[in-house]
Amino acid sequence: MIRTIRAKFIVGFFLIFCLSFLVLNQTVKEIIRTSNQEIVKSDLVGLKNNSNIYVRQAFLINHFTNNKLYFGQMAEEMVNDLNHATSSHVSAYTVDGKLLFSSDQREFSGQSDEDLRQAIEGKTAYTITYGRNSGTVLYSYPVIIDGVKVGILRFTKDFTLLYEQSGRIMDIIFYIALAIFGAAFLFSYMLSRHITIPLVKLTRASTEVKNGNLDVRIPFRRRDEIGELALNFNDMIDRIGSQISTIEGDRDRLQELNDQEKRFFDNVTHELKTPLTSILGYAEIIREKGDDDREFFDKGMNHIVEESRRLHNMVLKLLEVSQHNAGDKDMELVDSGKILSDVCDSMSFRAKRYKKSIFSEIEDDLFVLGQPDRLRQLFINLLDNAIKYSAAQSVISVKAELAAGRVRYIFNNPGDPIPPDQLAKVFQPFYSGGQKQKEEGSVGLGLSIVKSIVDDHGGTIRIVSEKSHTVVYVDIPYVNAEGAQ
């Protein structure tokens, strides 16, 4: 009778442990499979976002919008760049699935093309082919520029390392579970109570983790299977926390990349706005007066041509900087007074639109070592701010003189003073403070650009705002006509 009960007990535990072992093994496999799929999806999302950023930059840099022909022309260069940037094999297709260029066509041949067919239909799709220690993903999506599909990008990415790691983890869990269940089977009766208590703690800890608490740790100091399980549990939580930190870091880097792209295009918009405004002012007056005033007509047309050329040069330089990060242009001897006088003359038309005027006192021969276009940009930005934020019907005073071996430029405009807490931040990019008269489309880059130009010319800039006046002082080292300071 005793042997029968013991046999039943042993057989019962054997069946329970076998069933539990199989369930655990299948559960772990399913969890790892699901986790691998989520990791693959996350990686593919990042791959799509990064490749989209590259393609959009290529289109925007070359002033194309949704040109399918341009997508085909840039296919080889784009595929090679994405191949190096993403460490994945890449193929580019037309919108109807015709291959344009592939980094390695052998990687795509013999594989399922279901993802490509869905991409032709306008969907994003992927196909995973994996075994126990290998994994490959084919990923296709339509490239859409301004709402128009211009082509298809297809990636093949190797996830063998991920599935090899998963296989090793499954082996580790398999043998650990086998050891634990074997020991539990052999010593279940006399060690049941000894085993139950730590298992309850493990259950509670896993519940905490499931509910989002990653700070839970199991402080077991046992040198047995349960202690090893606890150690693996703690290591697993540490790895999960590390992976979450990595994902957050990737997210922040992607956000920083998006912010850099936005700052670049905001800068371009701001720098192109003022010369276009000046050109528009002259053009409108010439349209109204026609050629009745021949002298003004010639002057206006010359100014429009000069500003158009400067605008063209500015665009070329911005494109060069964005593509090659070229260094600064060499300095040359410049009569800054003439540049300032010309800027005052051209900006006077903008001031009239605001029912304001510009009064200038500029000495002769104010030579500095600098870049003419950037000095012109400096003066335009300062006068543009003075016009926008000065009081109504006001007179903006501009003065340039030689003072203590430096050329000093003074821009004085009447208006509401800037509070001290805002005055300390006006040179920060994108800072607009509490300006009530902020112009539509302004992004707060003007004074930050001014500060950068002054610094590059070895000068200083300061702003004094009090008693209904805001005065900007800019000092740049003086150089005589022979080039000596």
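The values are calculated or read from the model by the stated rules, or taken from the named source; none is laboratory data. Everything numeric here is computed off the predicted structure, so don't read it as measured data. Neighbour counts are summed over all protein chains in view; Cβ atoms, including those assigned to glycine, are modelled from backbone coordinates with ideal geometry.
Of the residues in segment 263-287, how many are among the charged types (D, E, K, R) and modelled with pLDDT under 75? Talk me through it step by step, then tell me what you get.
The initial filter retains those residues of segment 263-287 that are among the charged types (D, E, K, R), namely 263, 266, 271, 273, 284, 287.
This time we only want the ones that are modelled with pLDDT under 75, so: 263, 266, 271, 273.
The qualifying residues number 4.
Table: residues versus (1) out of contact with any Asp or Glu (no Cβ under 7 Å at 6 or more places or on another chain); (2) among the basic types (K, R); (3) surrounded by 11 or more Cβ atoms within 10 Å (Cβ to Cβ).
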position	(1), (2), (3)
E225	yes, no, yes
A230	yes, no, yes
D238	yes, no, yes
I244	yes, no, yes
E248	yes, no, no
R251	yes, yes, yes
L257	yes, no, yes
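List the strands (runs of 3 or more DSSP E) that sit entirely inside segment 354-416 and contain at least 3 residues that are surrounded by fewer than 22 Cβ atoms within 10 Å (Cβ to Cβ).
Values: elements: 357-362, 367-370, 395-403, 406-414.
Filter on segment 354-416 gives 357-362, 395-403, 406-414.
Can you tell me which residue within segment 344-353, out of those that are in contact with a helix residue (DSSP H, G or I) (Cβ under 8 Å, 6 or more places away or on another chain) and among the small types (G, A, S), is surrounded by the most Cβ atoms within 10 Å (Cβ to Cβ)?
S346
Could you figure out which of (1) more than 22 Å from L99 (Cβ to Cβ); (2) modelled with pLDDT of 75 or more isn't true of K48?
The number of the failed condition is (1).
Can you spot a residue in segment 450-470 that is small (G, A, S), part of a helix (DSSP H, G or I) and at pLDDT below 75? Break it down into steps so the answer makes sense when it comes.
Applying the first criterion (small (G, A, S)) to segment 450-470 yields 452, 458-459, 465, 468.
Now drop any that are not part of a helix (DSSP H, G or I), which leaves 452.
Now drop any that are not at pLDDT below 75, which leaves none.
No, because not a single residue in segment 450-470 is small (G, A, S), part of a helix (DSSP H, G or I) and at pLDDT below 75.
Among residues belonging to segment 302-319 that are at pLDDT 80 or above and surrounded by fewer than 13 Cβ atoms within 10 Å (Cβ to Cβ), point out the one that is farthest from the chain's Cα centre (by Cα).
Ranking the candidates gives N302 first.
Which residues, taken from segment 417-427, are of a type outside the set (A, V, I, L, M) and assigned to a helix (DSSP H, G or I)? Walk me through how you get there before you give the answer.
Our first condition is that a residue be of a type outside the set (A, V, I, L, M); within segment 417-427, this holds for 417, 419-422, 425, 427.
Within segment 417-427, P420, D421, Q422 meet the criteria.
When you scan segment 205-223, how many residues do you find that are of a type outside the set (A, V, I, L, M), at pLDDT 75 or above and surrounded by 12 or more Cβ atoms within 10 Å (Cβ to Cβ)?
3
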